[in-house]
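Read through the structure below, which is laid out as C-alpha cells, and then see the notes.
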Amino acid sequence: MIDFELPADLQALQARTREFIHNVVMSYESDARQEYHGPTDDLRLELCAKAREAGLLSPHAPKEYGGLGLDHRAMAVVFEAAGYSTLGPLAMNIQAPDEGNTNLLHQVATPEQKERWLKPLVAAESRSVFSMTEPDGGAGSDPSLMKTTATPDGDDYLINGRKWFITGMPGAGFHIIMAKTLDHEGNDVGATMFMTDADTPGIEMVRMLDTIDSNSPGGHCEVDYNNVRIPASQILGEVGKGFRYAQVRLGPARMTHCMRWLGAAQRAHDIATEYARTRQAFGKAIIEHQGIGFQLADNKIDLQTARLMTWHGCWLLDQGDKAQAETSMCKVHCSEALGRVVDRSMQVLGAKGICTDTVIERIYRDIRCFRIYDGPSEVHRWVLARS
C-alpha cells in the first residue's frame, strides 16, 4: 500500500521551497531578461545564485556533486512547488534538458566524464544539450529512422547529420549527441551517445526555431554536425546501447515534466479562483455562477488526479520499477489534464486571461508544448495499446 503522507523533513523542504518561490523568484517574473527565445543566461545565473544561497540548488542531483540527492517522491513534491513560478525550475536548476541530462550522466557516465561535465552541470555553471530529434525523414517519434551517423576514424568517431528542436544550444557547455554508429567494416551496430564540448569544431547552428514556448534558455534550434571529431573516450556508456540509455533518461524525465507543470497549473487555478471570488457580474461574484464554479471544480479534479498519478509513478520508480507503461499514462494524462486546467483558468479570467496582466497567458503557451515534449500523446497511446 502506498503511503501518501509526507514525512516531516519533506514537508519542511516543501515549505522552504514555496517560501523561496513566493518571496524571491516570483519577483523576477517581469524581468526584461526573459527574451523571445527564453531567459538569458545572465538571468539564469542570478536566479541560481539565489537558490544556492537558500540551499535549494539542484535538489535532484547526487549529494557527492553538490545536489540534495532527493528520491523521485521527494522530487515530485519539491518540483511542483518550484513550478509554481514560471522561473522556479530555472532558478533551482531543474529545468529541461539539464535535469534529465543530470540523471543520465549520474547513471551512465564514467567518473572522469562526471568530473568534467556532471559536476559543473549540478553547480549551474554549465548548461547542456540532448541532441536526438531530427527533421522530417529522420528520428523523431520513431528513433529507428535516425540518419545522423558516427563513423570510426582511428581512435575517434566522426559525427555527421542534422538535428532539430534541440533545446538550449546557444550558450550550452556541452552536447550529448545520439548517432547511428558504424563499425570499421561499415556495419550498423546501433545508436550510441557521444559527449563533446559545445565549441568542438564542426558544430553549427543552422537557425533558431520560433516556437510558442519560452521557458528554456537558448530556445530551440536546428543544428548541423559536420565531421565533428569525438574521441572514443567521450562515448557515454557503451557503443550501440544509445536507445537503452535514452529510456534511462526519458522515463524519469517524463515524470519530472509532470511535476513541474503541476505547479504551473496550480498557479493558474489559484489566480482564476481568486479572480472569480472578486469579479462581479449580474449581481454576484462570478464564482457563484455555475458556468464558472463548475470550471473551477473540474480544475480541482484534474489537478488532484494528475498529482496522484505522478506520485504513484514516482513511487514505482523509487521501487526500482522501470514503469514504462505508468510513465506513459502519467505523461499523457498530466499533459492533457493540466492543459485543461490552464485553459479553463484563462477562460475564467476572460479578456484579462489572454493578456500579460497575469502569468496565465505565459503558462498557456508553455504548457501546450508539454503534449509534444518527450513523445506526443498519440505515440504514448499507441505504445499502451500495443501492450
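Once region 302-333 is narrowed to residues that are charged (D, E, K, R) and at pLDDT 90 or above, the residue that is nearest to Val77 (Cα to Cα) is Arg307. Among the residues of region 114-138, those identified as over 20 Å from Ala91 (Cα atoms) and basic (Lys, Arg) are Lys114, Arg116. Does Gly219 count as touching a residue at least 60 places away in the same chain (Cβ under 8 Å) and on the phi > 0 side of the Ramachandran plot? It is true that Gly219 is touching a residue at least 60 places away in the same chain (Cβ under 8 Å) and on the phi > 0 side of the Ramachandran plot. A residue that is in a helix (DSSP H, G or I) and within 20 Å of Arg116 (Cα to Cα) occurs nowhere in region 74-89. For beta carbons closer than 7 Å, sequence separation of 6+ or different chains, a first residue in region 16-37 that is at positive phi and a second that is in a helix (DSSP H, G or I) and of a type in the set (Asp, Glu), there are no qualifying pairs. Go over the candidates Gln247, Gln266 one by one and state the one that is part of a helix (DSSP H, G or I), modelled with pLDDT of 95 or more and within 31 Å of the chain's Cα centre (by Cα). On inspection, the qualifying residue turns out to be Gln266.
If you go through region 202-237 and pick out every residue that is out of contact with any strand residue (DSSP E or B) (no Cβ under 7 Å at 6 or more places or on another chain), in a loop (DSSP other than H, G, I, E, B) and either among the hydrophobic types (A, V, I, L, M, F, W, C) or closer than 19 Å to Asp153 by Cβ (or both), you end up with 1. Selection over region 165-215 of residues that are basic (Lys, Arg) and surrounded by 22 or more Cβ atoms within 10 Å (Cβ to Cβ) gives a count of 1. Taking every residue in region 116-140 that is over 18 Å from Ala198 (Cβ atoms) and pairing it with any residue that is among the acidic types (Asp, Glu) and assigned to a loop (DSSP other than H, G, I, E, B), at least 6 positions away or on another chain, the pairs with Cβ-Cβ distances below 7 Å are Gly140/Glu134. For the criterion of being outside any helix (DSSP H, G or I), among the acidic types (Asp, Glu) and free of Cβ contacts under 8 Å to residues at least 12 places away in the same chain, Asp357 passes. Of the residues making up region 1-46, those that are aromatic (Phe, Trp, Tyr) and modelled with pLDDT under 95 are Phe4, Tyr36. Taking residues in region 76-99 that are assigned by TED's automatic domain parsing to the domain that holds Pro170, and partners anywhere that are modelled with pLDDT under 95 and buried (at least 24 other Cβ atoms within 10 Å of the Cβ), not one pair has Cβ atoms closer than 8 Å while being at least 6 places apart or on different chains. So, Val189, is that one part of a strand (DSSP E or B) and in contact (Cβ under 8 Å) with a residue 40 or more places away in the chain or not? Yes.
The values are calculated or read from the model by the stated rules, or taken from the named source; none is laboratory data. For clarity, every value in this text was computed on a predicted model and none was experimentally measured. When we count neighbours, we look across all protein chains shown, and the Cβ atoms used for this are built from the backbone with ideal geometry, even at glycine.
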